[in-house]
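Worksheet for the structure shown next.
The values are calculated or read from the model by the stated rules, or taken from the named source; none is laboratory data. In this text the structure is predicted, and so the values were computed from the model without any measurement.
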Amino acid sequence: MSHDRRESGFKRRTRVEEALATLLDDIEPHDRVETVSLGEADGRVLAEPVDAPAPVPSYD
């Protein structure tokens, strides 16, 4: 029995770059965008960045 941690667990390992390429090849972004009220926005993802018009809070 091997005690080398690198040989335990998964039988085959994939490099991060290869796994990411495989994932990105298999998914398709959707173009659905909808406007909802702030109360309905909980748990959702923004379609684009949002910048505040002024610093909040206005002090350090």
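For residue 6, the conditions (1) in a loop (DSSP other than H, G, I, E, B); (2) modelled with pLDDT under 80 all hold with the exception of (1). Out of curiosity, is residue 25 of a type in the set (Asp, Glu), modelled with pLDDT of 85 or more and in a loop (DSSP other than H, G, I, E, B)? Against the criterion (of a type in the set (Asp, Glu), modelled with pLDDT of 85 or more and in a loop (DSSP other than H, G, I, E, B)), residue 25 does not qualify. Looking across 31, 42, 51, one residue alone is at pLDDT 90 or above, within 23 Å of the chain's Cα centre (by Cα) and assigned to a loop (DSSP other than H, G, I, E, B). It is 42.
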